[in-house]
Amino acid sequence: MEVSNMASRHGLPCHVDACFGGFMLPWVEKLGYKVPVWDFRCPGVTSISADVHKYGYSVKGASVIVYRSEDYRKFQIYSYGSWPGGLYGSPSMAGTRPEEEEEEEDEEKKEKKKKKKKKKKKKKKKKKKKKTV
């Protein structure tokens, strides 16, 4: 609450990263435990994010961001009118994951496949040795 009050006093937005506890804290509070006020009950909080896949029982990678006001939400949306394919609109600046991230992920997958193949070969060699002995 202190941070949100300070942000409010100075006219600054205050984001709460509730990605881990965002789905747990409301229930903990409902059970009667003391939980510091961390959500939109704090006057300075302008946005809250939560990973719904952690305790929200959703698919892996699912997250949400909610805004107190549409005034802040409008800054998240990106549109570009001079794209050769027509109007390009996206709910974020990146639109899709940056190419470097995709390439890094592809490399990681390739490395994992190589390691699996090596393990399989080692197992086959061990089996052959046991049969010949």
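The values are calculated or read from the model by the stated rules, or taken from the named source; none is laboratory data. Note that the coordinates shown come from a computational prediction; the quantities given were computed from them, not determined experimentally. Neighbour counts are summed over all protein chains in view; Cβ atoms, including those assigned to glycine, are modelled from backbone coordinates with ideal geometry.
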Checked GLY22, GLY32, GLY11 against criteria (closer than 25 Å to PRO91 by Cβ and either touching a Leu at 6+ places or on another chain (Cβ under 8 Å) or not hydroxyl-bearing (Ser, Thr, Tyr) (or both)); the one match is GLY22
Checked segment 1-37 for anything under 24 Å from GLU70 (Cβ atoms) and either touching a helix residue (DSSP H, G or I) at 6+ places or on another chain (Cβ under 7 Å) or among the polar types (S, T, N, Q) (or both); matches are SER4, ASN5, SER8, PRO13, CYS14
For segment 84-133 the number of residues that are exposed (fewer than 10 other Cβ atoms within 10 Å of the Cβ), at pLDDT 70 or above and within 30 Å of TYR72 (Cα to Cα) is 4
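Each row is one residue, and each column tells you yes or no for (1) in contact with a strand residue (DSSP E or B) (Cβ under 8 Å, 6 or more places away or on another chain); (2) aromatic (Phe, Trp, Tyr).
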position	(1), (2)
MET1	no, no
CYS14	yes, no
VAL28	no, no
LEU31	no, no
VAL35	no, no
PHE40	yes, yes
ALA50	yes, no
LYS54	no, no
VAL66	yes, no
TODO: Determine if segment 14-31 includes at least one residue that is surrounded by fewer than 13 Cβ atoms within 10 Å (Cβ to Cβ), modelled with pLDDT of 95 or more and part of a loop (DSSP other than H, G, I, E, B).
DONE: yes
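Condition check ((1) surrounded by 16 or more Cβ atoms within 10 Å (Cβ to Cβ); (2) modelled with pLDDT of 90 or more; (3) touching a Lys or Arg at 6+ places or on another chain (Cβ under 8 Å)) across all residues:
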| site | (1), (2), (3) |
| --- | --- |
| SER8 | yes, yes, no |
| GLY11 | no, yes, no |
| PRO43 | no, yes, no |
| SER49 | no, yes, no |
| GLY61 | no, no, no |
| LYS74 | no, no, no |
| SER82 | no, no, no |
Log entry, pairs with first residue in segment 105-125 being polar (S, T, N, Q), second being modelled with pLDDT of 85 or more, beta carbons closer than 9 Å, six or more apart or on different chains, reads none
